[in-house]
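Structure first, commentary second.
The values are calculated or read from the model by the stated rules, or taken from the named source; none is laboratory data. Computed from a predicted model, the values in this text were never measured in an experiment. Note that we place each Cβ from the backbone using ideal geometry, even for glycine, and neighbour counts take in every protein chain shown. Remember, those area values only see protein heavy atoms, side chains included, never the ligands or the DNA or RNA. Shrake-Rupley method; radii C 1.70, N 1.55, O 1.52, S 1.80 Å.
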Amino acid sequence: MTQLPEVEVIRKDLEREIVGKRIKDVTVRSASLVGHQRNRPEFYNALEGRKIDAIMRRGTRLLLSLDDAHTLIVRLGSQATMTRETANREGGKDTQLVAVFTTGGALHYVDPDKDGEVAVVPTSDLAGMDELTPAGIDPLADQFTWPAFSRELVRRKMKLKSLLVDETFIIGLGDLYSDEILWTAGLDGARVSNTLSAQEVRRLYRAVLEVLYEAVKQGGTADAEGAQDEGDSGDFGDYINVYGRAGLPCARCRQPISLVKIDRKRSSYHCINCQT
Ligand SMILES: [Zn+2]
């Protein structure tokens, strides 16, 4: 699952591996990937011959800034990855884009669900693009402060689980990370956000940071319900305490983990003994 930690892991890896490289040759498998651009030749023209100057992240979008004042925007598909490969490595059936570099090596974009999108736009247009201005807080950015977090919990009056997966509040956590955060904080996802004590708010805030930074450090995780064998999945899977572990013992108190219903749409894996 491509949540915020996975996007940040991809960004960091690419920053180390492909910045400074010049693109020689681009191939895109399906036209739908270049939705914004009118057609594939136009997309190839926009990339071929360009050098990659920097890799940034805006919310869950990756921005590859090019040396001609244009930027390649990547909206990753729900199971997508981007990796550096050797130039002669053939893409598999899910490889939607291959960009070969002049000095060897290539960038592969692999998207099994084919629900991502890429586009090259003038860098000066980025500021006005709504899709690059997430409504919610980016918990890996400087704007994620304890007072701002606390204020929103009081204002929103929502169940914690529903709030943590609400992208207008905080971006990129999804079901897995929200459950891990609640377990780490020792809080029940059915608690309503404005009823937390100051100490509990602090615990939750710290848990968001702790879980996300650990996930980035471990290289993220594949969706616990699939894709564990893709080879690209990170090691955070070994650190999962509750998500997908119904019936297994809690790592803190050994009571079995339960899957509980939070509202009509959401359930949450949690330990009824130590999350209160
Ligand atoms: Zn427990």
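Taken together, the residues in region 263-275 that are closer than 15 Å to Ile181 by Cβ and either within 9 Å of the ligand (Cβ to nearest atom) or at pLDDT 95 or above (or both) amount to 6. Checking each residue in region 103-125 for being surrounded by fewer than 15 Cβ atoms within 10 Å (Cβ to Cβ) and of a type in the set (Gly, Ala, Ser) picks out Gly104, Ser124. Going by the structure shown, is Ser233 at pLDDT 95 or above and either more than 16 Å from the ligand (Cβ to nearest atom) or open to solvent by 20 Å² or more (accessible area, probe 1.4 Å) (or both)? Spelling it out, it is not the case that Ser233 is at pLDDT 95 or above and either more than 16 Å from the ligand (Cβ to nearest atom) or open to solvent by 20 Å² or more (accessible area, probe 1.4 Å) (or both). Residues in region 252-262 that are near the ligand (Cβ under 10 Å from one of its atoms), open to solvent by less than 40 Å² (accessible area, probe 1.4 Å) and in contact with a helix residue (DSSP H, G or I) (Cβ under 9 Å, 6 or more places away or on another chain): Ile257 only. A count restricted to region 23-35 and to residues that are surrounded by 14 or more Cβ atoms within 10 Å (Cβ to Cβ) and not hydrophobic (A, V, I, L, M, F, W, C) stands at 4. Determine whether region 57-74 contains at least one residue that is in contact with a Pro (Cβ under 9 Å, 6 or more places away or on another chain), aliphatic (A, V, I, L, M), farther than 30 Å from Thr168 by Cβ and not assigned by TED's automatic domain parsing to the domain that holds Asp166. Yes: region 57-74 contains one or more residues that are in contact with a Pro (Cβ under 9 Å, 6 or more places away or on another chain), aliphatic (A, V, I, L, M), farther than 30 Å from Thr168 by Cβ and not assigned by TED's automatic domain parsing to the domain that holds Asp166.
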